[in-house]
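Novice: This is the structure I want to talk about, given as structure tokens.
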Amino acid sequence: MDIAEYYDEIAQCNKCGFCQVACPIFRSTGHESGVARGRLALLRAIIEGRLDWNKELEEPLYDCLGCGACTANCFPAVPTADLVNKARTEYLEKVERKPIHQMLFDYLLPYPRRLHLAARAVALGKNTGISSMARALGLLRIFGRDFSRAEEIIEKLPPLPFRDKFKPGVYEGFGESLRIGYFVGCGVDVIQQEAGQATLEILKKIGTSVTLLNNCCCGLPAHAYGDIKAAKKLAGKNLDILASDEFDVIVTDCSSCAGFLKKYPEIFADDGRREQAEKVAARFKDMVELIVPDEPVAVSAEKPMVATYHDPCHASRGQGLTKEPREILKNIEGIEYREMPEADWCCGGAGSYALSHYDLSQKVLDRKMENLKKTSADLLVTSCPACMIQLSYGVRRHGLKTKVCHISQVVTGKAVAR
């Protein structure tokens, strides 16, 4: 990777500062290095030889959430998040690729069975208190600068992965003709299993058959870190499964996965598998695109519940999916929908962001929680398991009674306020 190839795009920044208004990191820190025009100035300095590649570049390159809000607020629409990501790739090549990420991307995420075994071990430590002891002893720092604090974001872990309860294979549906492939994201597989069960229930109603796939990680975590080779390896493993003619449509209930899977053709742009990737991307759907909003489902509640919606960045800006989830929620009997201020602002989750930027992550999350309080919502609904984890932590930290849930859980009537 050579960031110099993108000099013309970087130079389009006219330094107007409109990105400051939309950037969660800048609004949290006030530092110029944490906003799009500051990052682009940094990249320009590297290309022009005024800065050398070194470890001091890690912080300004990696404290970006990658939410894309800056581009949405930029007149020339400079794709800052994409450019920063390309710079991360060059950073890994010229400065440092950490062993922990190499282990994760090369030896764990490509293999579902290994991931499941690791998840069981983590669940055991989490649910028995062993991990709390390890945190107290400072043994968790090997996993990331702030891992010892970020570890508490997840309250509990299921003892078994989703695909240990629901084995990969073909499930009979009640629909008329649609054959559905269900891509299970890592978040649903090891943490948000109630969302997965609700999704499977909905898909069975829609499709004549539902194939629960034995896919691996979509590759987004590796790609967001700048490890393009690892991301391509993960994407390649998935292409072998997703290109099958046994499905009419492929669906996932993780908007982050969906947004990235639809970009597979870009991953294989200079590869012989581009045509195969385009075929897969063309039939891929985010779950919110498949749920029919004009078929209301009554919520099991004694009185109407107030619901609001958080837009995952990979849904709103990544796929342009903002209208669909709101139509679904507004059409559910027993739900009063209230729009949350700054609903499309990043919650600070951004995958594993808190592992190395815990304080920044929480500042962004606190802003989201203050906006949530203004809605007095019983339900905070979203379509990304990573967002669910972060938002649930925010609700606990702020002592709120709001229940965080996936839109599939609301549609099936399984989301009941606490």
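Each reported figure results from applying straightforward, stated rules to the coordinates on display, with no laboratory input. All values reported here derive from a predicted model rather than from experimental measurement. Don't worry about glycine lacking a Cβ; one is built from the backbone with ideal geometry, like all the others, and counts go over all protein chains shown.
Novice: With a ≥ b ≥ c taken as the square roots of the eigenvalues of the C-alpha gyration tensor of the chain, please select rounded if a/c is under 1.5 and otherwise prolate if a/b is larger than b/c or oblate if it is not? Don't skip to the end; give the middle numbers.
Specialist: Values: a/c = 1.40, a/b = 1.28, b/c = 1.09.
Rounded, because the longest to shortest axis ratio a/c is under 1.5.
Novice: Treating only the Cβ of Lys, Arg, Asp and Glu as charged (+1, +1, -1, -1), what charge dipole size does the chain show about its Cα centre? Round to the nearest 20 debye.
Specialist: Numbers: 55 positive and 54 negative charges, 240 e Å.
Rounded to the nearest 20 debye, it is 1160 debye.
Novice: Taking amide H positions as placed 1.01 Å from N in the peptide plane, with prolines and chain starts having none, which residues 5 or more places from Tyr309, or on another chain, fall under 5 Å of its amide H?
Specialist: Met340, Val381
Novice: Among rounded, prolate and oblate, which fits the range 39-78 when a ≥ b ≥ c are the square roots of the eigenvalues of its C-alpha gyration tensor, a/c under 1.5 means rounded, and a/b larger than b/c means prolate? Intermediate values should be presented prior to the final figure.
Specialist: Numbers: a/c = 4.87, a/b = 1.56, b/c = 3.12.
In terms of gyration-tensor shape, oblate.
Novice: Amide H to amide H, which residues 5 or more places from Val404 or on other chains are under 5 Å from it, using H placed in the peptide plane?
Specialist: Hits under the 5 Å cutoff: Leu380.
Novice: Suppose R0 equals 41 Å. What FRET efficiency, 1/(1 + (r/R0)^6) with r the Cβ-Cβ distance, do Ser177 and Asp271 give to the nearest 0.05? Write out the running numbers ahead of the final one.
Specialist: Numbers: r = 33 Å, r/R0 = 0.81.
According to the calculation, E is roughly 0.80.
Novice: Please report the antiparallel percentage of the DSSP beta bridges confined to the range 143-225, to the nearest 5. Write out the running numbers ahead of the final one.
Specialist: Details: 4 of 8 bridges.
Looking only at bridges with both residues in the range 143-225, the antiparallel portion is about 50 percent.
Novice: Enumerate the calculated ³J(HN,Hα) couplings along the range 211-220 in order (Karplus 6.51 cos²θ - 1.76 cosθ + 1.60, θ = phi - 60°), each rounded to whole Hz, writing x wherever the residue is Gly or Pro.
Specialist: Taking θ as phi minus 60°, the curve returns 9, 7, 7, 9, 6, 9, 3, 5, x, 4 Hz for the range 211-220.
Novice: With θ taken as phi - 60° and the coefficients 6.51, -1.76 and 1.60, list the Karplus ³J(HN,Hα) couplings across the range 80-94 in order, rounded to whole Hz; mark glycine and proline as x.
Specialist: 4, 4, 5, 5, 5, 5, 5, 5, 4, 4, 5, 4, 4, 6, 9
Novice: Pull up the DSSP beta bridges for the chain and report the antiparallel fraction as a percent, rounded to 5.
Specialist: Details: 4 of 24 bridges.
Among the beta bridges of the chain, antiparallel pairing accounts for roughly 15 percent.
Novice: Of the candidates Tyr182, Tyr107, Tyr264, which one comes out as most mobile in a Gaussian network treatment of the chain with C-alpha springs shorter than 10 Å?
Specialist: Tyr107
Novice: For the range 1-118, what is the relative contact order in percent, using Cα pairs closer than 8 Å and at least 6 residues apart in sequence? Don't skip to the end; give the middle numbers.
Specialist: Details: 111 pairs, mean separation 36.4, N = 118.
That works out to 31 percent.
Novice: Another question, then. Using just the helices of the chain, give the 222 nm mean residue ellipticity in deg cm²/dmol: DSSP H runs with n ≥ 4 each add -39,500 (n - 2.57), and the total is spread over all residues, rounded to 500. Don't jump to the answer; show the numbers that get you there.
Specialist: Values: 25 runs with 199 residues, N = 418.
So the calculated ellipticity at 222 nm is -12500 deg cm²/dmol.
Novice: If the viscosity is 1.306 mPa s and the temperature 10 °C, what translational diffusion coefficient in µm²/s does Stokes-Einstein give for the range 137-267 when Rh comes from Kirkwood over Cα pairs? It would help to have the intermediate numbers written out before the result.
Specialist: Working: Rh = 16.1 Å.
In µm²/s, the coefficient is 98.
Novice: Charges at C-beta only: +1 for Lys and Arg, -1 for Asp and Glu. How large is the resulting dipole of the range 1-128 about its Cα centre, in Debye rounded to 20?
Specialist: Values: 16 positive and 16 negative charges, 139 e Å.
Its charge dipole is roughly 660 debye.
Novice: Using amide H atoms built 1.01 Å from N in the peptide plane, name the residues 5+ places from Val251, or on other chains, whose amide H lies under 5 Å from its own.
Specialist: Gly181, Tyr182, Phe183, Lys285
Novice: Quick one: what are the phi-derived ³J(HN,Hα) couplings along the range 60-77, Karplus 6.51/-1.76/1.60 with θ = phi - 60°, whole Hz, x for glycine and proline?
Specialist: The phi angles translate into x, 7, 9, 8, 7, 6, x, 6, x, 5, 5, 5, 5, 10, 10, 4, x, 6 Hz.
Novice: Please work out the FRET efficiency for the pair Thr208 and Ser376, using the Cβ-Cβ distance as r and a Förster radius of 25 Å; give the result to the nearest 0.05. Walk me through the intermediate numbers first.
Specialist: Values: r = 42 Å, r/R0 = 1.68.
For Thr208 and Ser376, the calculated efficiency is 0.05.
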